[in-house]
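These notes concern the structure reproduced below.
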Amino acid sequence: MAGRAAVFGAAGQLGVELVRDLKARGYEVVAWHRGQVDITDRAAVESALASFDADVVFNAAAYNQVDVAEKEPQAAFLVNALAVRNLALACRQIDSQLVHFSTDYVFDGTAQHPYVEEHPTHPLGAYAVSKVGGELYAQAYLDRALIVRTSGVFGPGGVATARGNFVELMLRLAQSSNPIRVVEDHVASPTFAPALAARTIDLFEKQQSGVFHIGGGTPISWFEFARLIFDAAGLRPSLHSTNEREYRTPARRPRYSALSNAKMERAGLQPMPSLKEALAQYFARRGGNPHPIPRPPIP
Ligand SMILES: NC(=O)c1ccc[n+]([C@@H]2O[C@H](COP(=O)([O-])OP(=O)(O)OC[C@H]3O[C@@H](n4cnc5c(N)ncnc54)[C@H](OP(=O)(O)O)[C@@H]3O)[C@@H](O)[C@H]2O)c1
């Protein structure tokens with residue numbers, strides 16, 4: 001079902017995968033990174049979309065600096081909420097479906113099992129509030145927006161972005177001999193960007209709209225995820241668990257934010273790959289040397 005697809009935020013981890021996958025499926029794709037179209041500029045968004053009669057518009061652009069957002073909530077709100085209004089209004093004008101991405105951080109983390117789409121949102125900080133705002137704007141102006149909430153995104157595109165991802169952070173920390181401390185009392189569902197892009201396009205092709213969760217499928221603490229990363233990379237750094245009381249951050253985060261993929265699977269989509277499989281693919285695609293400083297195995 002190829003058609004015409006537009007992608008904003010095309011240089012991010014998810015943006016590059018959406019463009020790659022859409023092209024592989026035969027779509028005619030026009031994609032803009034931030035230097036080409038800043039989505040906070042309503043006129044720029046409108047003129048970009050007016051130049052291309054898109055069937056579907058993917059918004060992979062986001063302000064993702066969760067801690068910095070506590071110092072500059074306006075900046076987060078401009079990109080994650082008001083700019084989504086720009087996109088929604090422009091999609092309405094050209095009768096195009098908007099596919100927008102949101103986050104597991106819309107929840108407060110008090111659940112004990114993976115969050116389903118119907119669970120009430122309760123954001124805990126400026127970034128999370130701005131992402132809820134984006135969902136509301138998409139739903140306010142469009143009847144058929146598709147909103148995909150995801151969690152802890154990691155994709156090979158993160159090697160090239162300024163912000164990177166958790167896998168790259170762990171690899172960087174492993175380059176020094178200092179102990180690495182990672183929280184074990186926060187659980188999420190880390191999500192492989194290429195699989196997220198593929199499932200999202202599948203949802204669009206199945207003419208779905210509304211809110212869907214696409215998480216990695218495995219609820220796991222960040223500490224255990226770090227362990228899986230180092231296993232997959234063949235590294236043995238000095239890894240220690242910590243907790244949110246010892247490791248304070250400017251932003252509050254949900255302690256538990258794993259997402260249930262049940263609705264996505266009921267819609268006929270393939271389950272997400274296991275984290276082990278996703279990490280193997282990550283390292284195969286990432287290239288380069290994941291073993292910056294070989295260290296002897298821990299006895
Ligand atoms: N990364 C995660 O762990 C995570 C977790 C949950 C949900 N999500 C959601 O998943 C989606 C994809 O995230 P990702 O991991 O691909 O993020 P990413 O790698 O940080 O990419 C975001 C992209 O958006 C661009 N951008 C920022 N402001 C923009 C603007 N005003 N106009 C146009 N582009 C702009 C960034 O450009 P610059 O680099 O130039 O700023 C970057 O290329 C987002 O909606 C995010 O909120 C991500």
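The values are calculated or read from the model by the stated rules, or taken from the named source; none is laboratory data. Quick caveat: nothing in here was measured; it's all calculated off a predicted structure. Neighbour counts are summed over all protein chains in view; Cβ atoms, including those assigned to glycine, are modelled from backbone coordinates with ideal geometry. These accessible areas exclude ligands, DNA and RNA; they are computed on the full protein's heavy atoms, side chains included. Shrake-Rupley method; radii C 1.70, N 1.55, O 1.52, S 1.80 Å.
The alpha-carbon of residue 23 sits under 22 angstrom from the alpha-carbons of these lysines, leaving out residues fewer than 8 places away in its chain: 206.
The long axis of helix 126-141 is offset from the longest Cα principal axis of the chain by roughly 30 degrees.
Counting only protein heavy atoms, what percent of the accessible surface of region 193-273 is carbon or sulfur at a 1.4 Å probe? Each step should come with its number before you reach the end.
On the way: 1500 of 3580 Å².
The nonpolar share, carbon plus sulfur, comes to 42 percent.
When only C-alpha pairs under 8 Å and at least 6 residues apart count, what is the relative contact order of region 150-198, in percent? Value for region 150-198: 54 percent.
Just the projected area, averaged over all directions, of the convex hull on the alpha carbon atoms of the chain: how many nm²?
15.0
Full extension of the chain between residue 40 and residue 160 gives 40.9 nm of extra length, using 0.36 nm per residue less the Cα-Cα distance. Taking 7 Å steps out from each Cα toward its Cβ at residue 276 and residue 110 produces label points 3.7 nm apart. If only the Cβ of Lys and Arg carry +1 and only the Cβ of Asp and Glu carry -1, the dipole of region 140-248 around its Cα centre is close to 160 debye.
Rounded to the nearest 500 deg cm²/dmol, what is the calculated helix-only ellipticity per residue at 222 nm for the chain, with -39500 (n - 2.57) per DSSP H run of length n ≥ 4? Numbers along the way, then the final one.
Values: 10 runs with 104 residues, N = 299.
Estimated from H runs of four or more residues: -10500 deg cm²/dmol.
Charges were assigned to the Cβ only: +1 to each Lys and Arg, -1 to each Asp and Glu. The resulting dipole of region 163-208 about its Cα centre is roughly 120 debye.
Going by Cα centres, region 85-124 and region 245-284 are how many Å apart? The distance from the Cα centre of region 85-124 to that of region 245-284 comes to 16 Å. Taking the C-alpha atoms only, the angle from helix 83-94 to the longest principal axis of the chain is near 40 degrees. With K and R counted +1 and D and E -1, the other residues having a Cβ less than 11 Å from that of residue 12 yield a net charge of +1. Roughly to the nearest percent, how much of the accessible area of region 52-116 is carbon and sulfur, given a 1.4 Å probe? Looking at region 52-116 in its full context, I get 48 percent from C and S.
Residues of region 15-174: accessible area per residue at 1.4 Å, in Å²? Display every interim value, and only then the final one.
On the way: 6930 Å² over 160 residues.
Per-residue value: 43 Å².
When you filter the trypsin sites (Lys or Arg not before Pro) in region 1-84 for DSSP loop state and at most 13 other Cβ atoms inside 10 Å of their Cβ, you are left with 71. Note on residue 284 and residue 143: their simple-model spin labels are 4.4 nm apart, each label 7 Å out from Cα toward Cβ.
Across the chain, the longest piece that holds none of the GluC sites (Glu not before Pro) lying in DSSP loops with up to 14 other C-beta atoms within 10 Å covers 119-243.
Calculate what fraction, in whole %, of the accessible area of region 120-184 sits on carbon and sulfur atoms when a 1.4 Å probe is rolled over the protein chains. Within region 120-184, the accessible surface is 53 percent carbon and sulfur.
Order these peptides, 107-114, 95-102, by their mean beta-carbon neighbour count within 10 angstrom, highest first. Kindly include the intermediate steps, with their values, before the conclusion.
Working: 107-114: 15.4, 95-102: 22.9.
Top of the packing list down: 95-102, 107-114.
By how many degrees, 0 to 90 and rounded to 10, does the Cα axis of helix 275-286 deviate from the longest principal axis of the chain? The answer is roughly 80 degrees. Label-to-label distance for residue 245 and residue 93 is 5.5 nm, based on points extended 7 Å past Cα in the beta-carbon direction. Please give the net charge around residue 135, taking every other residue with its beta carbon less than 15 angstrom from that of residue 135, where Lys and Arg add +1 and Asp and Glu add -1. Result for the neighbourhood of residue 135: 0.
Treating only the Cβ of Lys, Arg, Asp and Glu as charged (+1, +1, -1, -1), what charge dipole size does the chain show about its Cα centre? Round to the nearest 20 debye. Write down the numbers at each step before the final one.
Values: 30 positive and 29 negative charges, 129 e Å.
Charge dipole, the chain, about its Cα centre: 620 debye, nearest 20.
From the alpha carbon centroid of region 1-46 to that of region 158-237 is 22 Å.
Could you work out the relative contact order of region 53-119, using alpha carbon pairs under 8 angstrom and six or more residues apart, expressed as a whole percent? Could the numbers behind the result be given before it?
Working: 38 pairs, mean separation 30.1, N = 67.
This gives 45 percent for region 53-119.
Mean separation of Cα pairs under 8 Å and 6 or more residues apart, divided by the residue count, gives the chain a relative contact order of 20 percent.
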